[in-house]
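**Student:** One structure is given below, represented as structure tokens, and several questions about it will come after.
The values are calculated or read from the model by the stated rules, or taken from the named source; none is laboratory data. From a predicted model like this one, the values you see are computed outputs, not experimental measurements. Methodologically, a virtual Cβ is constructed for each residue, glycine included, from the backbone with ideal geometry; neighbour enumeration extends over all protein chains shown. Areas reflect the complete protein model, heavy atoms only, side chains present, ligands, DNA and RNA absent. Shrake-Rupley method; radii C 1.70, N 1.55, O 1.52, S 1.80 Å.
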Amino acid sequence: NKDTALTRLFVYYDSTSCQTCRVNNLYEWKDIISLEKNSGGKFELIMIFAPAEEDVVNLRRALARSRFLHPVYFDIERKLLKDNSFIPSHHAFHTFLTDKDGIIILAGDPVMNPDLYPLFLETVNTIIRQGGKYIDAAKNY
């Protein structure tokens, strides 16, 4: 989807959270994975785990046992946060939606926060409808 995605949802699990617990709850992402599959490549879900080195083997085993089929990336060196120092350290902001240019449009976890889910869907659909850019119709530019 690298060439066709108009919007991306990044989900970043760092080593401060129980990563095997996160693996056990990956099934909760099924609706967003379906959205990705039905988007024709216009929406991409990017899931990143940043385990401590000593936890990598256990995390790989937990992922294999879970039979979770969506791609998952490992950021053992924590490059995402190091290279993007503007991302807050609090895990609540480690899930964010970007437009096609990588500009963060919405921050927060639409799976863990059901109140955010309708806004998330509306924002994804707006970005796709607007060709990868988010233009808030409520604002007077």
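**Student:** Per the 1.4 Å probe, what fraction of the accessible area of the chain, in percent, lies on carbon and sulfur atoms?
**Tutor:** That share works out to 52 percent.
**Student:** For region 23-97, what does the alpha-carbon gyration tensor say about shape, rounded, prolate or oblate, given a ≥ b ≥ c as the root eigenvalues, a/c under 1.5 as rounded, and a/b over b/c as prolate?
**Tutor:** oblate
**Student:** If I histogram all Cα-Cα distances within the chain using bins 5 Å wide from 0, what percent of pairs lands in each bin?
**Tutor:** It works out to 2, 9, 19, 22, 20, 16, 8, 3, 1, 1, 0, in whole percents.
**Student:** With every protein chain kept in place and ligands, DNA and RNA left out, what is the accessible area per residue of the chain? Probe 1.4 Å, answer in Å².
**Tutor:** Per residue, the chain has 61 Å² of solvent-accessible surface.
**Student:** What nm distance separates the two modelled labels at I104 and A92, each placed 7 Å from Cα along Cα→Cβ?
**Tutor:** Label at I104, label at A92, 1.3 nm between them.
**Student:** Next question, about the same structure. Using only the alpha-carbon atoms of region 69-141, report the extent along each of the three principal axes, biggest first, to the nearest angstrom.
**Tutor:** Principal extents (largest minus smallest coordinate, Cα): 41, 26, 25 Å.
**Student:** If you don't mind, another one. So how far, in whole Å, is the C-alpha centre of region 23-40 from the one of region 86-141?
**Tutor:** 17 Å
**Student:** If R₀ is 35 angstrom, what is the calculated FRET efficiency for the pair E53 and R129, using the beta carbon separation as r and rounding to 0.05?
**Tutor:** With R0 = 35 Å, the Cβ-Cβ based efficiency is 0.20.
**Student:** If contacts are Cα pairs under 8 angstrom and at least 6 residues apart, what is the relative contact order of the chain in percent?
**Tutor:** Contact order relative to length: 29 percent.
**Student:** Using alpha carbons only, how many degrees (0 to 90, rounded to 10) separate the axis of helix 117-129 from the longest principal axis of the chain?
**Tutor:** Long axis of 117-129 versus the principal axis of the chain: about 60 degrees.
**Student:** Kindly list the residues of region 36-70 that lie in the label zone of E77, defined by a backbone N under 20 Å from the point 7 Å along the Cα-to-C-beta vector.
**Tutor:** Answer for region 36-70: 47-57.
**Student:** Still on this structure, I have one more. For region 54-68, take each phi angle, set θ = phi - 60°, evaluate the Karplus expression 6.51 cos²θ - 1.76 cosθ + 1.60, and give the result in whole Hz per residue in order, putting x for glycine and proline.
**Tutor:** Residue by residue, region 54-68 yields 6, 9, 4, 4, 5, 5, 4, 5, 4, 5, 5, 5, 6, 6, 6 Hz.
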